[in-house]
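This report refers to the structure that appears directly beneath it.
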Amino acid sequence: MNILQINSSIFANRGQSTLLADGFVAQLAGGQDADVTVRDLALEPLPHLDAERFAAFLAQPAERSSVQQAAVDHSDRLIEELRAADVIVIGVPMYNFGIPSQLKAWFDHVARAGVTFRYTEKGPEGLLKGKKTYVFSTRGGQYEGTTRDSETAHVRDLLALLGLTDVTFVYAEGLAQGDATRQAGLSNAQATIRQLAAARRKDGHAGHWDRRAMPRPSHP
Ligand SMILES: Cc1cc2nc3c(=O)[nH]c(=O)nc-3n(C[C@H](O)[C@H](O)[C@H](O)COP(=O)(O)O)c2cc1C
């Protein structure tokens, strides 16, 4: 099993979302034949997408300048990590009501027409299929299931654009709402992680975890 872990906390390996993703990956990989690739977007930041880089993505291979080729090679390496993965694990904090700009930059590097998705008469179709994605979402406040959750639908759409439609979100919320709420948010997430990892190991990695069968994390 190949696992790709993407960390997007600005605090790198000290981020709560990173720690949750780490815990899940350790439990998933523990005692298994697993290959884990970690891409930390704070330690190795990606440049923002700009017109020059986008033009490089669109240019025909034979017509690329060396600068454009380097930009495409960089993007290709990120896409190759995705292609090689059976399981994708993403740590996603909420910053200023959205995903970290580092993570948005990563999506901007891997969402490439003709490579990871294609346009059809019915709209874009993702080309990376048959993978399972887990998203570990940390927030200072509490938004899960409310109209103020400005991240979940956005991340789902970004993943679906690539063809990643089998996605499970795990939330740790209320992390800035005092010690008790913070502890409850983290404990709930950790309990869900244990159940998810055990369920996937039991399935021999092949099955799909059914979120309805699991207790929903609750917050005081
Ligand atoms: C720059 C910044 C902006 C934040 N904005 C929000 C926000 O809009 N809503 C929220 O609920 N929490 C917000 N928080 C709190 C974080 O979501 C929370 O601390 C979370 O644990 C961060 O995850 P991390 O430790 O993996 O980076 C913000 C934190 C930082 C550092």
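Nothing in this text is a laboratory measurement; each read-out follows from the coordinates by a stated rule. Just so it is clear, the model here is predicted, and its values are computed rather than measured. Every residue, glycine as well, gets a Cβ built from its backbone with ideal geometry; the counts of neighbours run over all protein chains shown.
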Query raised in the report: For V135, all conditions in the list (1) in a loop (DSSP other than H, G, I, E, B); (2) closer than 22 Å to D22 by Cα hold save one; what is the number of the exception?
Result: (1)
Query raised in the report: Would you call D40 in contact with a helix residue (DSSP H, G or I) (Cβ under 7 Å, 6 or more places away or on another chain), within 28 Å of R200 (Cβ to Cβ) and among the charged types (D, E, K, R)?
Result: yes
Requested in this report: Please give the number of the condition A51 fails out of (1) surrounded by fewer than 16 Cβ atoms within 10 Å (Cβ to Cβ); (2) in contact (Cβ under 8 Å) with a residue 12 or more places away in the chain; (3) aliphatic (A, V, I, L, M).
Outcome: (2)
Query raised in the report: For P124, are the conditions met, namely being crowded, with 19+ Cβ neighbours inside 10 Å and over 22 Å from A197 (Cα atoms)?
Result: no
Query raised in the report: What do you reckon, is Q60 in contact (Cβ under 8 Å) with a residue 12 or more places away in the chain, out of contact with any His (no Cβ under 7 Å at 6 or more places or on another chain) and surrounded by fewer than 21 Cβ atoms within 10 Å (Cβ to Cβ)?
Result: no
Report task. Six or more apart or on different chains, Cβ under 9 Å: which pairs go from a residue in segment 88-115 that's more than 30 Å from Q60 (Cα to Cα) and in a strand (DSSP E or B) to one that's near the ligand (Cβ under 8 Å from one of its atoms) and of a type in the set (F, W, Y)? Could you list them? Result -> P93/F11
Report task. State whether the residues of segment 63-73 include one that is outside any helix (DSSP H, G or I) and more than 17 Å from L158 (Cα to Cα). Result -> yes
